[in-house]
Every structure is written in structure tokens, then in C-alpha cells.
1. List the trypsin sites (Lys or Arg not before Pro) within the stretch B:132-180 that fall in a DSSP loop (any state other than H, G, I, E or B) and whose Cβ has at most 12 other Cβ atoms within 10 Å.
2. Under 17 Å between alpha carbons, and skipping anything fewer than 8 positions from A:Lys42 in its own chain: which aspartates and glutamates qualify?
3. Taking 2.2 N^0.38 Å as the expected size of a compact globular protein, what ratio does the Cα radius of gyration of the stretch A:109-221 give against it, to two decimals?
4. How would you rank A:Trp268, A:Trp23, going from fewest to most other Cβ atoms within 10 Å of each one's own Cβ?
5. Given the DSSP H assignment, sum -39500 (n - 2.57) over each helix run of at least 4 residues in the protein assembly as shown and divide by its residue total; what's the result at 222 nm in deg cm²/dmol, nearest 500?
6. What's the magnitude of the charge dipole for chain A around its Cα centre, counting Lys and Arg as +1 and Asp and Glu as -1 at the beta-carbon? Answer in Debye, nearest 20.
7. For the cross-link pairs A:Lys43/A:Lys117; A:Lys227/A:Lys254; A:Lys216/A:Lys296; A:Lys227/A:Lys296; B:Lys94/B:Lys147, which exceed 30 Å when the distance is taken from alpha carbon to alpha carbon?
8. So how far, in whole Å, is the C-alpha centre of the stretch B:139-191 from the one of the stretch A:87-137?
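Taken together, the values in this text are just the output of simple stated rules run on the coordinates, not laboratory data. Because the structure is a prediction, the values reported are computed rather than measured. Counting neighbours? That spans all protein chains shown, and the Cβs are built from the backbone with ideal geometry, glycine included.
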Amino acid sequence: MELLTQLFTPNEIWGLEAWIDDWFFVIAIGLFIVECLRYVVKKQFTKNFFGDSVANFVTLGMFILIVAVVAATYAGIFLYTYNHFRITDLPLNGWSILCCIVIADLAYYWEHRFLHKNGFGWATHTVHHSSPHFNISVAYRHGPLDWFFPLFFHLPLALLGFHPFIIFLAEIVVQVFQTLLHTETIKKLPRPIEAIFNTPSHHRVHHATNKQYLDKNYAGIFIIWDKMFGTFAQENEPVTYGVYPRLNSVNPLKVFFSGYLTLINRLWRAPTWGYRLNLLVKSPTWAWQEEQKQKK
Amino acid sequence: MNLFSAIFTSVIIVVLFWGLALFQGNNAAAQEINLSPSTQIIARNKVATIDNKSDKIAPDTIRIAGVRKRIPLHNIGQLWQHFNQHSTLHQALKKAPQKVYVLYSALSNNYQQADVVIGYDIISLSQFDKPYTIDTHQYTELLPVDKYTETQLTNAWKEIDYSKKVAYVLEVHALNLSGKTTSTQVFVSYN
Ligand SMILES: [Zn+2]
């Protein structure tokens, strides 16, 4: 209990966040190497797999560059909101961090669902989904505006009185938890875990192109949200990964900007302005189905 | 569950966990200032033995600026945290501050709530919001300059003469260069 009520300084929280972020990357790389060896043994280590994984790390590099440019502004918006508009003062301790992680995880669920449900959000999030493979390196495959949307879903936490550094820490925890889910190595975990937490099995479903699996399992840490809100699907049949339309490329630039290229292309060719608006606000699945109709 | 119900449920969950965070926050603050009878005696002995003339705060008024809030007294820990995180205030300091003031005024009838200001003397600030003036014409020293625990500071309030109307209680913390409190002095002023 002492551990949960002990007060931290903002700097300590910041340090903890950076520490988790860095060391987790090291662990993830280690696990990725294990995954690669497993594919080698299974004779599934293909040229395409290798190219795709390289592309993943290159997109990560480009993403980090963008984040480096916007990070100060992003943090500044949170600090300004917290300093001027917060309605309560929550102490910087373990209890606040735990509560913040739960709320941030729920916020993540909605952000993620939002990204899947409109063309604008999907243009960046599609990058993460466009790989036909599923391994730890895919977890680090980010789109150009992946840092942008979390802002709107997590800023309210600063209003509630959570210190921005606690919010960032919670965001990182939700993020690194999911990193480990991007693997085919683990089939199913013990039942109670599968019932409460997001697992590799649940997350494979999220990345699937199988019809019944589309737009399911948005969860970050707790799969409970999906079960509550009716967006849950169980992994019962083998999944194929990727997006519609297929990307078919391991060129990092193409991977990174594919979402926006597809969106601009669609907007350009749109028959009406109403259709253009729908491209932005409706689910990308809608756009895909419209295109299939037109082909017939 | 349809979208509206899902969002509604989410709001309830957020309020629930936010409430939990708030509840523990108040508890944590309350625990910090628990009364313990043994330290009280030590505090009282010190009041009796030390000459209080030498450490008068001068001149007759002090103007302080910092954070201000009406709070239950047991929530003082959170106001301190707020104060410590107030970056614009700390950036306005001309040099390392020597003293930080905690002013309790407009005490509620049950002495559980007060308008509390934690701040610096405006002399040490290059810019500040609205300063608060403390009239130091008449005051009684509750605790002389010394190092005290939270408990001792809380217990000093028991020395207040509650038959009179309290104008304010003032804590003056002397700071070392790294901003840590080296000693504290507590005063009370009656109307
Ligand atoms: Zn997704």
C-alpha cells in the first residue's frame, strides 16, 4: 500500500515513462529475433517477410522523426490544459497512475474504434494494418499521424486532474502492453486471462481480413471493453492479415504514405461531393464495398 | 450495445475510476497530517523555552504571491503539489527563494477549511499575479524557528486561542539552496 500512496515528482514519472519505453524496445527486439528463428525453423522466413520487417522499422524511424518535431507542442498542450483548466488535483502516486491506466485504456479503445470508422483516421492507422504478416515488428509499424488522434481522446484526462506525465505514462503502458500481442508464437493463454485481457489471439482477430473479424477487438489492455460494447470476436478460424485494398509492397515510403495516397486517390475519383464527405466520415469498409459495386 | 449506450457506459466507467483516484487522493492527504500525541509534547516544550523576539518577521506587511485555493485543511498536501508544479511562478523567481509562506485565512467555523495561499514574497519575484498582503502588526508566535514534522506543525494549531477570532495562521518555511525546508516558524494573528 505504501508503494501506491508514495508521492512522486513529475520528473520521476517522466523518467519512469522513458525507462519503460526504451527497455521495452530492447525486449521487443529480443523477442522479434526469437520469432524470426521460429520462422526460419518452420521454413517460413521468406524474402517478403524480411522486406516487410525492414519496412516496419523504417516506418518506425520516420514516425520517431515526426514525433521529435511535434513532441514539445503535444506535451505543451497537455501541460497548458492541466495548469489552467483542471477541475481537481490528483496526487502523483501509484493509485492515480493505476486509475489513469484504466481510463487511458478505455480512451484508447474509443480512439482506436474511431480510427477504424472514418476515412481520415484510417489513412494513418491503415499503415499499422497493411502488413500481411503478424509479428512484433508490426507493432512498431506506425502511420504519419498516429500521434495526432490520441491527443483528443486523452486530453480530457488532464481536465480531470491527472498530471500530463501520468497520462503519458499510462499511454505508454497501454502501448507497450499491445506490442507483445503482435505474435503468432502464442496460440491461446489461460482462460481467465483471455477473458479479461487483450491477448495475441484477440489481437490477431483485430488484424484479420476475414469477414467476420473486420472491425473487431479494438482493446488495448482490457478486452472487457469489446465484450461490453459488442465489438468482440473470438479467434475460431485461421486468420489472414492485411487490409482492403491489398498493399502488396514492402517499400517503406509506400507503406508509410499508402493510407493518404489511397484517400487522395479516392477523393480525386469520387463522383460527387457527398461521396467525398462519406469517404472522410464513413468507414473504409464502406468505401471498399462501394468500389466493389462499381467494378461489377 | 448501441453506440450511444456504449459511450454512456464509458462515461460512467471514467467517472467511477476518476472518483476512485479522487477518493484515494483525499485519503493520502489526510494520512500525511495524522495527529500523534507524543510529538505534541515536544512541540509544546519548545514553544516554552525559546525566546521569540529574535525572529520577528519584518516589516509590518508582507506581500506574497503563489497558489491560492479554499480547501479542507487536510488537503494541504495537494496544494503543495500544485505549488511545486506551478512552473510560471518558479520561472518568475529572481534567484533561489529563501522563504516560502503558507497563509491560512478565512477559517471556517469548525476550523476545517480555509483560504490557503502558498507563495513567495513578491520581492523575490520578477512578475506575479494578484499578491496577498499579510498584516504583520500583531501576531503571536505559535512555533519558533526550528525543524518540525508535519505532525508538529499540525499540533501547533492546538496552541491557538480559539476564544478569539483568528485572522490568519502563517507558516514561514526557510529554504536552503535546493529548495528544501530547513526550518519553520508559525504565527497566528487575531482580529
Ligand atoms: Zn487497428
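1. Working: sites: B:Lys147, B:Lys158, B:Lys164, B:Lys165, B:Lys180; in loops: B:Lys147, B:Lys164, B:Lys165, B:Lys180.
Counting only loop positions with at most 12 other Cβ atoms within 10 Å, the trypsin sites (Lys or Arg not before Pro) in the stretch B:132-180 are B:Lys147, B:Lys164, B:Lys165, B:Lys180.
2. By straight Cα distance, A:Lys42 reaches A:Glu184.
3. Working: Rg = 14.5 Å, N = 113, 2.2 N^0.38 = 13.3 Å.
Scaled against compact globular proteins, the figure is 1.09.
4. Working: A:Trp268 8, A:Trp23 11.
If I rank by nearby Cβ atoms, fewest first, I get A:Trp268, A:Trp23.
5. Values: 19 runs with 265 residues, N = 487.
Taking each H run of at least 4 residues, the total per residue is -17500 deg cm²/dmol.
6. Values: 24 positive and 20 negative charges, 328 e Å.
Value, rounded to 20: 1580 debye.
7. On the way: A:Lys43/A:Lys117 37 Å; A:Lys227/A:Lys254 35 Å; A:Lys216/A:Lys296 28 Å; A:Lys227/A:Lys296 37 Å; B:Lys94/B:Lys147 26 Å.
Going by Cα-Cα distance, A:Lys43/A:Lys117; A:Lys227/A:Lys254; A:Lys227/A:Lys296 fall outside the 30 Å limit.
8. Rounded to whole Å, the Cα centres lie 47 Å apart.
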